[in-house]
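J.: I have a structure I would like to understand better, so I am pasting it below and will then ask my questions one at a time.
The values are calculated or read from the model by the stated rules, or taken from the named source; none is laboratory data. Given the structure is predicted, the values throughout are model-derived calculations rather than measurements. Cβ: placed from backbone, ideal geometry, glycine included. Neighbour counts: every protein chain shown. Ligands, DNA and RNA are excluded from the accessible area calculation, which covers all protein heavy atoms including side chains. Shrake-Rupley method; radii C 1.70, N 1.55, O 1.52, S 1.80 Å.
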Amino acid sequence: MPVLRPSQALQLWHQVTLAEVRGLGADLNLRQAAILLTVYLEQPPHTVRGLAAKLGVTKPVISRALDTMGVMKLVSRQRDPSDRRNVLVRRTLEGALYVERLGDVIIAKAKDLPI
């Protein structure tokens with residue numbers, strides 16, 4: 001795999017974010033995208049408390065992001081049956097399809113990068 005120069009990496013990020021903003025799907029901010037990718041790329045279980053610790057933010061910050069992503073059906077939340085104090089963050093079919101499509105956009109935009 002070729003190593004990107006910083007300018008190429010930024011150009012790729014720019015092209016992907018433009019494609020996302022111009023697209024018809026969910027338009028996530030960076031915090032929401034970080035949460036979503038953590039949930040889908042790292043092994044579960046995921047909790048609000050754990051996501052807050054990982055991202056270095058408070059639980060209310062995670063909860064607000066999850067509220068928005070829940071409306072978009074990208075994630076769901078459920079009380080942990082073994083410890084009712086914890087809230088589990090779960091993957092959804094819509095979220096899995098979103099992440100897969102995002103990966104496809106990144107691949108397509110990377111192919112367009114000048115060498």
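J.: Of Leu51, Leu36, which residue is farther than 14 Å from Thr92 by Cα, modelled with pLDDT of 95 or more and surrounded by 14 or more Cβ atoms within 10 Å (Cβ to Cβ)?
T.: Leu51
J.: Given Asp80, Asp27, Asp112, which one is open to solvent by less than 70 Å² (accessible area, probe 1.4 Å) and of a type in the set (Asp, Glu)?
T.: Asp80
J.: Go through Glu20, Glu94 for me and flag whichever is among the charged types (D, E, K, R) and free of Cβ contacts under 8 Å to residues at least 40 places away in the same chain.
T.: None of the others qualify; the one that does is Glu94.
J.: Show me the helices (runs of 4 or more DSSP H) entirely contained within the chain in which 3 or more residues are among the small types (Gly, Ala, Ser) and out of contact with any Phe, Trp or Tyr (no Cβ under 8 Å at 6 or more places or on another chain).
T.: It comes to 6-22, 48-55, 59-71, 93-111.
J.: For Val75, state whether it is hydrophobic (A, V, I, L, M, F, W, C), under 15 Å from Thr38 (Cβ atoms), in contact with a His (Cβ under 6 Å, 6 or more places away or on another chain) and surrounded by 10 or more Cβ atoms within 10 Å (Cβ to Cβ).
T.: So Val75 does not fit the description; no.
J.: Is it fair to say Ala52 is within 15 Å of Gln32 (Cβ to Cβ) and among the hydrophobic types (A, V, I, L, M, F, W, C)?
T.: For Ala52, the condition - within 15 Å of Gln32 (Cβ to Cβ) and among the hydrophobic types (A, V, I, L, M, F, W, C) - is met.
J.: Which condition breaks for Val61 when tested against (1) under 19 Å from Glu20 (Cα atoms); (2) among the β-branched types (Val, Ile, Thr); (3) open to solvent by less than 40 Å² (accessible area, probe 1.4 Å)?
T.: (1)
J.: Quick one: what pairs do we get from the range 97-108, first residue in contact (Cβ under 8 Å) with a residue 60 or more places away in the chain, second surrounded by 12 or more Cβ atoms within 10 Å (Cβ to Cβ) and among the β-branched types (Val, Ile, Thr), C-beta under 6 Å, 6+ apart or different chains?
T.: Between residues of the range 97-108 that are in contact (Cβ under 8 Å) with a residue 60 or more places away in the chain and residues that are surrounded by 12 or more Cβ atoms within 10 Å (Cβ to Cβ) and among the β-branched types (Val, Ile, Thr), the close pairs are Val105/Val16; Ile106/Val16.
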